[in-house]
1. Determine, yes or no, whether Leu86 is of a type in the set (A, V, I, L, M, F, W, C) and under 30 Å from Lys123 (Cβ atoms).
2. Picking from Arg69, Arg63, Arg54, which residue would you name as being surrounded by fewer than 11 Cβ atoms within 10 Å (Cβ to Cβ), within 30 Å of Val22 (Cα to Cα) and modelled with pLDDT under 95?
3. List the residue pairs whose Cβ atoms are under 9 Å apart, where the first residue sits in the stretch 121-147 and is more than 30 Å from Arg69 (Cα to Cα), the second is part of a loop (DSSP other than H, G, I, E, B), and the two are 6 or more positions apart or on different chains.
4. Could you please find all residues in the stretch 130-154 being within 23 Å of Thr96 (Cβ to Cβ) and at pLDDT 90 or above?
5. Between Arg18, Arg48, Arg9, which is outside any loop (DSSP other than H, G, I, E, B) and open to solvent by 80 Å² or more (accessible area, probe 1.4 Å)?
6. Output the residues belonging to the stretch 111-126 that are open to solvent by less than 70 Å² (accessible area, probe 1.4 Å) and either of a type in the set (A, V, I, L, M, F, W, C) or closer than 11 Å to Arg78 by Cβ (or both).
7. Given (1) in a helix (DSSP H, G or I); (2) open to solvent by less than 80 Å² (accessible area, probe 1.4 Å), where does Gly29 come up short, assuming only one miss?
8. Scan the stretch 14-35 and report the pairs whose first residue is among the charged types (D, E, K, R) and whose second residue is part of a helix (DSSP H, G or I), with Cβ atoms within less than 6 Å and a gap of 6+ or a chain change.
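The values are calculated or read from the model by the stated rules, or taken from the named source; none is laboratory data. Only a predicted model underlies this, so the values are computations on that prediction, with no experimental measurement involved. Cβ: placed from backbone, ideal geometry, glycine included. Neighbour counts: every protein chain shown. Ligands, DNA and RNA are stripped out before the accessible areas are found, and what is left, the full protein with its side chains, is counted by its heavy atoms. Shrake-Rupley method; radii C 1.70, N 1.55, O 1.52, S 1.80 Å.
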Amino acid sequence: MGNPRGVRRDFEALEKRRREAVRLVVEQGWSQSAAARQVKAAQQSVSRWVGEYRRRGSAGLRRAGRAGRKPLLDAAQRERLTALLLEGPEAHGFPTPLWTCPRVALLIRDEFGVDYHEGHVWKVLRGLGWSPQRPVGQARERNEEAIRTWKRKT
């Protein structure tokens with residue numbers, strides 16, 4: 001079931017719900033079904049929580065922490081990556097002033113020794129607050145003054 005897309009889990013609220021269900025069953029003698037209805041959880045979940053409480057005590061009800069795989073770059077490395085990206089691609093030996101996912105993957109590998117697939121680098125960039133941009137296709141020889149004059153007279 002899980003959470004709706006984009007909604008983060010409130011681990012403290014989930015832990016509080018587990019503790020409340022166990023308190024109702026163990027301390028107040030409620031049935032697991034009644035406790036499940038009270039805390040709006042499945043009876044099987046309450047059964048599992050009570051079992052964990054009986055096996056491991058209070059530690060069995062603690063919040064799980066973040067879900068998913070741990071990031072390969074720590075906070076300091078992500079901060080350093082932002083600084084490196086702001087220097088621009090040309091400062092790192094690339095011929096054009098455009099960051100691409102393959103270039104960022106190469107930068108991460110060279111600077112931090114961490115391999116990211118170039119197709120997944122965008123997730124790291126999104127986590128840093130960067131968004132995909134498209135360069136404006138304009139000729140280098142473009143003459144802005146001549147264009148303004150042409151637009152005014154023609």
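1. When the stated conditions are applied, Leu86 passes them.
2. Arg69
3. So the pair list comes out as Pro135/Thr96; Pro135/Pro97; Pro135/Leu98.
4. Listed by number, the list holds a single entry, Trp130.
5. Arg48
6. Correct list: Phe112, Val114, Val121, Val124, Leu125.
7. Every condition holds for Gly29 apart from (1).
8. Within 6 Å, the pairs are Arg17/Val39; Arg18/Trp49; Arg18/Leu61; Arg19/Leu61; Glu20/Val39.
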